[in-house]
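Heads up: the structure comes next, in structure tokens.
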Amino acid sequence: MKVDYHMHLEMGSLTLDYLEQFWRQAQALELDEIGISEHGHNFYQYEKIMGHVRTGADAYPEIVEWLDEKFSLDLDNYVALIQAGRDRGWALKLGLEMDYIPGKEAEIERIIQGYPWDYVLGSVHFLGKWGFDFSSEVGWPDRDVNRAYDAYFTALLEATSSGLFDSITHPDLIKIFGHQATIPLDSYYDAMAAALARTHTCVEINAAGLRKPVGSIYPDPSFLRKCHQAGVSITLACDAHYPHDVGNGLSEAIELARSVGYTHVATFTKRRRILQPLD
Ligand SMILES: [Zn+2]
Ligand SMILES: [Zn+2]
């Protein structure tokens, strides 16, 4: 089965016309099913969880400005839009990409329980108020790269251990701009693989890294191999922010999955996991 379980409508609008462009691209590539996974921070319901990153003297001005237009949409409209697409016969799954923010587990869970999600992705894009994937010019200059990696994997492990999510997305996003840690990463990978297995959480293979300065898929093959050995299932993702990126890099992601031993991909219906053969 050919699926792409990670894409965003945020560069366009929550309209059927725009959604249809994603579905048409999926059809052109003969995908069986796609999952829409809008960012939580586009919705006003998420302000309680993430609003703090734009307040206080230690907030990053560029990120404050970027967040200015966020927290504005209504989750009910989003859910209704995906349903309207399904009513037209489009093979869509209802997903959400949620930032894991330590201490906000109860609020995150309320949103997970409050809507009929097919699946929920857990992400780490923020370390404190620093959105590390925003720009290589914001927060990175003068930063100790090893400490950034340590903070990232510590947060990712916490997100995984929360057991809140169906899959953990782009699980080494910290490499996005090509910064490389000089400390060994094996122990982080081991801990992540064990936590994913323990909480029955999938790991996402995300092809968007191919389009970023790092130029490689998330996660690193050695990380993914450990996940496979630990019995962790995968979800597949291209993280399109525009219709033309649906399925972009999917064959490379599938190739990576196969290279470490995967034969199946996880799909979800109402948060129930069904493994399908990799196509
Ligand atoms: Zn993301
Ligand atoms: Zn995304």
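The values are calculated or read from the model by the stated rules, or taken from the named source; none is laboratory data. Just so you know, these numbers come straight off a predicted model, no measurement behind them. So basically every Cβ, Gly included, is an ideal-geometry build from the backbone, and we count neighbours across all protein chains shown.
Key figures
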{"quantity": "The range 185-212, subset within 16 Å of ligand 2 (Cβ to nearest atom) and either closer than 18 Å to Ala230 by Cα or of a type in the set (A, V, I, L, M) (or both), residue nearest to the chain's Cα centre (by Cα)", "calculated": "Glu204"}
{"quantity": "Complete set of residues in the range 172-206 that are of a type in the set (Val, Ile, Thr), surrounded by fewer than 24 Cβ atoms within 10 Å (Cβ to Cβ) and over 25 Å from Arg271 (Cα atoms)", "calculated": "Ile176, Thr182, Ile183"}
{"quantity": "Those residues of the range 32-48 which are among the polar types (S, T, N, Q), within 16 Å of ligand 1 (Cβ to nearest atom) and either over 18 Å from the mean Cα position of the chain (by Cα) or closer than 18 Å to Glu204 by Cβ (or both), in sequence order", "calculated": "Ser37"}
{"quantity": "Close pairs from the range 14-42: first charged (D, E, K, R), partner within 13 Å of ligand 2 (Cβ to nearest atom), Cβ under 7 Å, at least 6 apart", "calculated": "Glu38/His8; Glu38/Leu9; Glu38/Glu10; Glu38/Leu96; Glu38/Glu97"}
{"quantity": "Members of the range 176-198 that are of a type in the set (D, E, K, R) and either closer than 23 Å to Val120 by Cα or in contact with a strand residue (DSSP E or B) (Cβ under 6 Å, 6 or more places away or on another chain) (or both)", "calculated": "Arg198"}
{"quantity": "Hits in the range 5-31 (condition: closer than 22 Å to Arg271 by Cβ and either within 16 Å of ligand 1 (Cβ to nearest atom) or loosely packed, with under 14 Cβ neighbours inside 10 Å (or both))", "calculated": "Tyr5, His6, Met7, His8, Leu9"}
{"quantity": "Looking only at the range 224-263, and only at residues there that are surrounded by 15 or more Cβ atoms within 10 Å (Cβ to Cβ), of a type in the set (S, T, N, Q) and closer than 13 Å to Leu278 by Cα, the one that is nearest to ligand 2 (Cβ to nearest atom)", "calculated": "Thr235"}
{"quantity": "Val120 being part of a loop (DSSP other than H, G, I, E, B) and modelled with pLDDT of 95 or more", "calculated": "no"}
{"quantity": "Every residue from the range 163-184 that is outside any loop (DSSP other than H, G, I, E, B) and either charged (D, E, K, R) or more than 16 Å from ligand 2 (Cβ to nearest atom) (or both)", "calculated": "Lys175"}
{"quantity": "Members of the range 85-95 that are touching a helix residue (DSSP H, G or I) at 6+ places or on another chain (Cβ under 6 Å) and aliphatic (A, V, I, L, M)", "calculated": "Leu92, Leu94"}
{"quantity": "Residue in the range 147-154 that is within 30 Å of Thr267 (Cβ to Cβ), within 12 Å of ligand 1 (Cβ to nearest atom) and not in a loop (DSSP other than H, G, I, E, B) present", "calculated": "no"}
{"quantity": "Leu19 vs. criteria touching a helix residue (DSSP H, G or I) at 6+ places or on another chain (Cβ under 9 Å), assigned to a loop (DSSP other than H, G, I, E, B) and either closer than 17 Å to Val246 by Cβ or among the basic types (Lys, Arg) (or both)", "calculated": "no"}
{"quantity": "Residues (in contact with a Phe, Trp or Tyr (Cβ under 7 Å, 6 or more places away or on another chain), more than 15 Å from ligand 1 (Cβ to nearest atom) and among the β-branched types (Val, Ile, Thr)) located in the range 206-260", "calculated": "Ile234, Val246"}
